[in-house]
Amino acid sequence: MAVGSDFIQTLKDKLNIVDVIQGYVHLERLGDNWWGCCPFHHEKTPSFSVSANKQFYHCFGCGVSGDVIRFVSDMESVDFMESVRILADKAKLPVPDENFDPEKNAEKKRKRTEILRILNDTAHFYLDNLNSGKAEEHIAYILERKIPSNIVRSFGLGASLDYDSLPKYLRDKGYSMEDVLDSGVVYESGGKYTDSQAGRLIFPIISAYGDVVAFGGRTLAKPQPGAPYAKYKNTKETVVFTKRRSLYNINKLKSLKKEKSIPSVIIVEGYMDVLSLYSAGIKNVVASMGTSLTREQASLVKRYTGSVLISYDADSAGEDATIRGLDIFREEGIDVKVVKLPEGYDPDEVIKKLGRDVYLKCLEDAVPLIDYKLEVAGKGKDLTKAEGRREYVASALKVIRTADSAAEQEELLRNLSKATGITYESLNRDLGKRASATPPMRVRVVPGKDKKADAVTEASRFVCAAYLFEAKYAEGDPTGVPYVHDVHSMIATLVKASKEMYGRAADITEILDLVEENTPEYEEMNKVLEYSFGGRLTEECAGRSFSDCMRQLEKRQLQERIYMLNIKYNAATLKEEKDRIAVELNEVTRKLKKL
């Protein structure tokens with residue numbers, strides 16, 4: 001689905017970016033702008049500023065900028081259209097479809113709302129079952145696993161007692177069985193409706209928005225020999241639940257972020273791991289609900305922290321999944337380490353059998369990706385035998401080739417040499433020439449504090465910003481200025497087009513869309529946007545500064561022209577050509593002297 005620019009503008013006009021951001025970040029007014037600690041990086045001194053006049057934000061610490069749509073998109077880990085939907089709902093505006101069909105749109109909205117109602121009622125149904133006095137098995141399991149009562153309540157654990165009471169309950173509530181089936185809590189077979197989590201201990205899966213979107217269930221029955229058996233089972237994917245985009249406990253992690261910054265997030269496999277860590281006071285934890293991490297989950301975590309600790313079970317399946325997850329997070333630019341647990345333990349067992357302090361020590365000793373990969377590569381290899389050493393070296397060299405620097409490669413090679421007894425020189429030759437073996441470093445360019453820019457660049461930024469933010473002294477054609485950076489010229493072109501075509505100032509969103517994020521061009525664009533904060537464009541001497549900057553840019557342009565004309569004059573062979581160049585050279589020199 002797509003929406004037109006008119007609707008986007010209407011949506012922005014309806015909302016105040018300050019009000020929206022204050023739902024996530026504490027802001028205080030200082031002068032014309034609002035300030036707070038940036039939600040996109042960890043800081044103690046506020047450097048995140050929001051302009052109510054221009055309806056955009058900028059962080060002077062990490063360099064991010066954006067409008068209200070981009071802010072919600074980044075905070076909620078959703079795409080552009082989902083961000084628009086969230087804001088449209090807040091503004092009470094219906095979102096038009098590209099090929100708008102009112103009936104179809106209304107049905108989609110009704111379906112989603114109805115399914116969320118069914119899931120919410122189902123959660124209460126399961127909760128009531130657990131407290132009904134009929135869930136002896138479920139209570140016994142909770143006691144056996146030592147789940148504290150406050151955790152049971154906080155996470156909304158429930159009980160499914162049988163196969164058919166939930167379908168009957170939902171039918172009696174007036175829900176259509178079509179909607180009930182689409183919610184995933186009930187399935188139909190041979191004309192009979194059955195609770196999809198029949199007999200299980202129930203774990204509601206709650207979205208970052210606080211909605212119950214699915215359920216996980218832990219079977220209490222012992223498996224029959226040869227019969228299909230799933231210890232844990234999730235309800236099916238629906239219009240409100242996609243497993244690869246979901247994380248268990250993301251709702252509480254979001255609440256935690258509102259209280260304080262989150263240095264790192266621990267990712268575990270299952271529900272019980274989350275409950276155990278949470279009951280031990282370790283609240284920065286989510287579960288992937290399985291062993292396969294996805295890029296969507298990595299993107300979701302990235303909204304809350306830049307550092308991840310993967311704490312999966314200490315078994316082979318867990319190790320394979322951990323490596324996949326490490327690679328995914330590394331590609332997303334997230335700092336990720338592996339928590340090494342005692343052999344045969346999962347996080348739940350470490351907390352309950354060995355204690356909180358032992359688990360915290362495991363977190364403290366977490367190892368980076370490349371070290372963990374090398375450790376896994378050496379497992380099962382007998383290094384006392386030539387065959388085992390060769391296998392290990394072959395696997396280890398593949399890992400070492402992914403190192404981000406020659407220095408890191410050298411250190412790892414020396415460690416490998418000590419472990420195998422093979423000389424460093426031999427290993428280095430096998431690795432290949434360093435220049436070709438070392439891949440380019442993956443650099444995440446994060447806009448930050450400006451390096452000392454030269455005076456002409458600062459002048460170009462100031463003039464560009466004055467036109468962009470419509471300073472009263474910025475007259476004339478913004479595109480006629482000899483800017484020193486292509487981004488400044490692009491902004492000036494957009495400013496002129498917006499004024500001529502729409503009779504309004506340029507939209508900051510359009511400015512932000514000019515260049516790709518995390519590039520030098522994006523960084524330069526942010527330097528221009530920074531001029532809207534701190535009163536630099538409105539102070540008493542700003543008009544005089546604008547004139548001085550324009551003069552400086554014109555002077556630079558003339559100097560460059562003189563330089564080029566001198567080159568042409570010296571290269572010319574014909575007298576007529578030299579005379580023509582000399583005339584132009586004298587004219588440009590006179591203009592320069594006047595400035």
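The values are calculated or read from the model by the stated rules, or taken from the named source; none is laboratory data. This structure is a prediction, so every number in the text was calculated from the model and none was measured. For neighbour counting, all protein chains shown are included, and Cβ atoms are generated from backbone atoms with ideal geometry for every residue, glycine included. The accessibility values were calculated without ligands, DNA or RNA, using every heavy atom of the protein model including side chains. Shrake-Rupley method; radii C 1.70, N 1.55, O 1.52, S 1.80 Å.
Calculate one ³J(HN,Hα) per residue across the stretch 203-210 by plugging θ = phi - 60° into the Karplus curve 6.51 cos²θ - 1.76 cosθ + 1.60, and present them in order as whole Hz with x for glycine and proline.
Per residue, the Karplus-derived 3J(HN,Hα) values read 10, x, 9, 10, 6, 4, 8, x Hz.
Tell me the label only: which of [x] 103, 72, 44; [y] 113, 73, 66; [z] 117, 61, 48 is Cα extents along the principal axes in Å as calculated from this structure?
Calculated Cα extents along the principal axes in Å: the matching label is [x].
With each pseudo-label sitting 7 Å past Cα toward Cβ, what's the LYS472-MET81 distance in nm, one decimal?
A separation of 4.6 nm, rounded to one decimal place.
Please check which bits of the stretch 149-168 a label hung off ARG356 would reach, taking the label as a point 7 Å along Cα-to-C-beta and the cut-off as backbone N under 17 Å.
Residues passing the 17 Å test: 149-152.
Please give me the summed charge of the neighbours of GLY184: other residues whose Cβ is under 15 Å from its Cβ, Lys and Arg +1, Asp and Glu -1.
On the way: positive: LYS111, ARG112, ARG117, ARG200, LYS233, LYS236, LYS243; negative: GLU114, ASP121, GLU178, ASP179, ASP182, GLU188, ASP195, ASP211, GLU237.
Computed value for this residue: -2.
Are there cysteines in the chain with no second cysteine's Cβ under 4.7 Å away, and if so, which?
CYS37, CYS62, CYS362, CYS464, CYS541, CYS549
Please tell me the relative contact order of the stretch 141-250 in percent, rounded to the nearest whole number, where contacts are Cα pairs under 8 Å and at least six residues apart.
23 percent
Treating only the Cβ of Lys, Arg, Asp and Glu as charged (+1, +1, -1, -1), what charge dipole size does the stretch 6-59 show about its Cα centre? Round to the nearest 20 debye.
60 debye
Describe numerically, in nm with one decimal, the distance between label points set 7 Å from Cα along Cα→Cβ at ASP32 and at ASP162.
Inter-label distance under the simple model: 7.0 nm.
Show me 273-282, 368-377, 560-569 ranked by packing, highest mean number of other Cβ atoms within 10 Å first.
Ranked from most to least packed, the peptides come out as 273-282, 368-377, 560-569.
How much length would be gained if the chain were fully extended between MET501 and LEU383, taking 0.36 nm per residue of separation minus their Cα-Cα distance, in nm to one decimal?
Answer, rounded to one decimal: 35.2 nm.
Round to a whole number: what % of the accessible area of the chain belongs to carbon and sulfur, probe 1.4 Å?
It is 50 percent, rounded to a whole number.
Quick one: net charge of ARG303's neighbours, Cβ under 12 Å, K/R +1, D/E -1?
Once positives and negatives cancel, what remains is -1.
Length gain on complete extension for the stretch GLU576 to LYS418, per 0.36 nm per residue less the alpha carbon to alpha carbon distance?
Contour length minus Cα-Cα distance gives 49.2 nm.
Sort LYS352, LYS379, LYS575 by accessible area with a 1.4 Å probe, largest first.
Largest accessible area first, the list is LYS575, LYS379, LYS352.
Lys/Arg Cβ at +1, Asp/Glu Cβ at -1, dipole of the chain taken about the Cα centre: which of TYR372, THR45, THR423 is farthest positive-ward?
The one lying farthest along the dipole's positive direction is THR423.
Might you tell me the accessible area per residue for the chain, computed with a 1.4 Å probe and given in Å²?
On the way: 30710 Å² over 595 residues.
Normalised by residue count, the accessible surface of the chain is 52 Å².
In what order, largest first, do ARG200, ARG145, ARG295 sit by accessible area if the probe radius is 1.4 Å?
ARG295, ARG145, ARG200
Which of the lysines could be linked to LYS134 by a straight reach, that is with a Cα gap under 26 Å, when you skip same-chain ones fewer than 8 residues away?
Output for LYS134: LYS146, LYS168, LYS173, LYS192, LYS222, LYS231, LYS233.
Can you give the net charge of the other residues whose Cβ lies under 12 Å from the Cβ of ASN249, counting K and R as +1 and D and E as -1?
Details: positive: LYS252, LYS254, LYS283; negative: ASP273.
Surrounding charge for ASN249 is +2.
Which value, in debye to the nearest 20, describes the size of the charge dipole of the stretch 349-403 about its Cα centre when Lys and Arg Cβ atoms bear +1, Asp and Glu Cβ atoms bear -1, and nothing else is charged?
Numbers: 12 positive and 9 negative charges, 36 e Å.
Approximately 180 debye in magnitude.
Set the bar at 26 Å for Cα to Cα. Now go through LYS302/LYS337; LYS283/LYS398; LYS44/LYS92 and name every pair that lies beyond it.
Those over the limit are LYS283/LYS398; LYS44/LYS92.
Run the numbers on the chain and let me know its relative contact order in percent, using alpha-carbon pairs under 8 Å that are six or more apart.
It comes to 9 percent, rounded to a whole number.
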